[in-house]
Each structure stands twice: as structure tokens, then as C-alpha cells.
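Undergrad: The structure follows.
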Amino acid sequence: MAPQNVLAHSDIAPLRKEDPGELFPWKQLYNAGIGHWVEPQQVTPGGYLQRGDQGEPVEALQTMLALYGYCLEITGNFDEMTVGCVTAFQRHFRPEMVDGVADHSTISTLRNLLRNRPETA
């Protein structure tokens with residue numbers, strides 16, 4: 001397995017697992033050559049997507065999460081599974097604030113991870 005493919009239980013089963021959680025040293029592991037990481041974007045006030053929202057912005061978020069490897073159906077509805085995937089993503093890549101709300105910081109960090117994915121052989 002490629003070292004950048006190391007995941008958390010919560011990345012694989014976001015509705016059932018919370019471990020290892022937001023206190024796990026993902027950046028430290030990345031610095032040791034294991035996992036994938038970009039610096040999280042700063043949390044700032046502003047627009048966001050949350051449970052109950054619908055439409056193309058939600059569909060775009062779900063598509064980016066799916067492209068990164070989260071298993072969710074792209075429906076355009078910010079449903080329970082989307083909340084679970086956003087929460088798991090935040091625990092792993094944006095641990096400063098884990099709330100299941102896709103704010104600017106969450107979406108920008110996800111976009112940067114997608115842009116900086118290592119090439120697969």
C-alpha cells in the first residue's frame with residue numbers, strides 16, 4: 001500500500017466510527033512519510049453548507065469528497081451521510097473545529113488536498 005493511502009476508521013465508516021479522532025497527529029505522520037496532508041485553511045466566519053441544504057453546491061461538495069475517497073452517494077442533499085463524511089474529513093484534515101458543517105475552511109482544505117494528491121502508479 002502506498003504511504004499516502006493511510007486512513008482512519010472514521011474515514012471508512014463515518015457514521016459508525018470516530019477514531020482516532022481530531023487529536024491524532026496526522027501532520028506528524030505525514031512529516032514522517034505516512035499519509036497525505038496539506039495545511040488546513042483557517043476557520044473564518046462566512047458562508048457554509050449544512051444538514052438540510054440542497055442543490056448544486058452540495059452536489060459539488062459531495063463530488064469532491066467522493067473524489068477524495070469518501071463513500072457517499074452524490075444526491076445534492078446535505079443528508080446524514082454527508083454530515084458524517086464532512087465530520088470525518090474535519091477530524092482528519094481540519095481538526096481545529098469538528099462540527100460537520102462544510103464551511104470555507106473545510107471546502108478549501110478539501111480542494112487543496114485534491115489538487116495536491118500524489119500521482120498513483
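Bear in mind these aren't lab numbers, they're just calculated from the coordinates by the rules spelled out. Predicted model only: the values in this text are computed from it and were never measured. Because the Cβ atoms are built from the backbone with ideal geometry, glycine has one as well, and the counts that use them run over all protein chains shown.
Undergrad: If you put +1 on each Lys and Arg Cβ and -1 on each Asp and Glu Cβ, how big is the dipole of segment 3-115 around its Cα centre, in Debye rounded to 20?
TA: Roughly 360 debye for segment 3-115.
Undergrad: For segment 3-115, with the dipole built from +1 on Lys and Arg beta-carbon atoms and -1 on Asp and Glu ones, taken about the Cα centre, which of GLN90, PRO40, ILE74 lies farthest toward the positive end?
TA: Selected residue: PRO40.
Undergrad: Taking N as the number of residues in segment 23-110, what value does Rg over Cα atoms divided by 2.2 N^0.38 Å take?
TA: In units of the globular-protein estimate, segment 23-110 measures up at 1.06.
Undergrad: With θ set to phi - 60° and the Karplus curve 6.51 cos²θ - 1.76 cosθ + 1.60, what are the ³J(HN,Hα) couplings of segment 22-31 in order, to the nearest whole Hz, using x for Gly and Pro?
TA: Listing the rounded values in order: 6, 8, 5, x, 4, 5, 4, 4, 4, 4 Hz.
Undergrad: Under a 10 Å cutoff between Cα atoms, tell me which one of VAL43, VAL58, VAL98 has the largest fluctuation in the Gaussian network model of the chain.
TA: Among VAL43, VAL58, VAL98, the largest GNM mean-square fluctuation belongs to VAL43.
Undergrad: In which sequence would SER105, SER10 go, from the one with the fewest C-beta neighbours within 10 Å to the one with the most?
TA: Ascending number of Cβ neighbours within 10 Å: SER105, SER10.
Undergrad: Once the Cβ-Cβ distance between LEU23 and THR75 is put in as r, and R0 is 41 Å, what FRET efficiency do you end up with, to the nearest 0.05?
TA: After rounding, the FRET efficiency stands at 0.80.
Undergrad: Taking amide H positions as placed in the peptide plane 1.01 Å from N, state which residues far from ASP103 in sequence (5 or more) or on other chains have amide H under 5 Å from it.
TA: Amide H neighbours of ASP103: LEU49.
Undergrad: Stretch ARG117-GLN50 to full length: gain in nm at 0.36 nm per residue minus the Cα-Cα span?
TA: 21.5 nm
Undergrad: In addition: Kindly provide the helix-only [θ] at 222 nm of the chain, computed as the sum of -39,500 (n - 2.57) over DSSP H runs of four or more divided by all residues, to the nearest 500 deg cm²/dmol?
TA: About -12000 deg cm²/dmol.
Undergrad: Right, something else. Exposure proxy check: ARG94, ARG117 ranked by fewest other beta carbons within 10 Å?
TA: By the 10 Å Cβ count, ascending: ARG117, ARG94.
Undergrad: Which of LEU65, LEU49, LEU23 moves the most in a Gaussian network model of the chain with Cα springs under 10 Å?
TA: LEU23
Undergrad: Further question on the same structure: Could you tell me how far the Cα centroid of segment 75-104 sits from the Cα centroid of segment 20-37, in Å?
TA: Here the two parts' Cα centres lie 18 Å apart.
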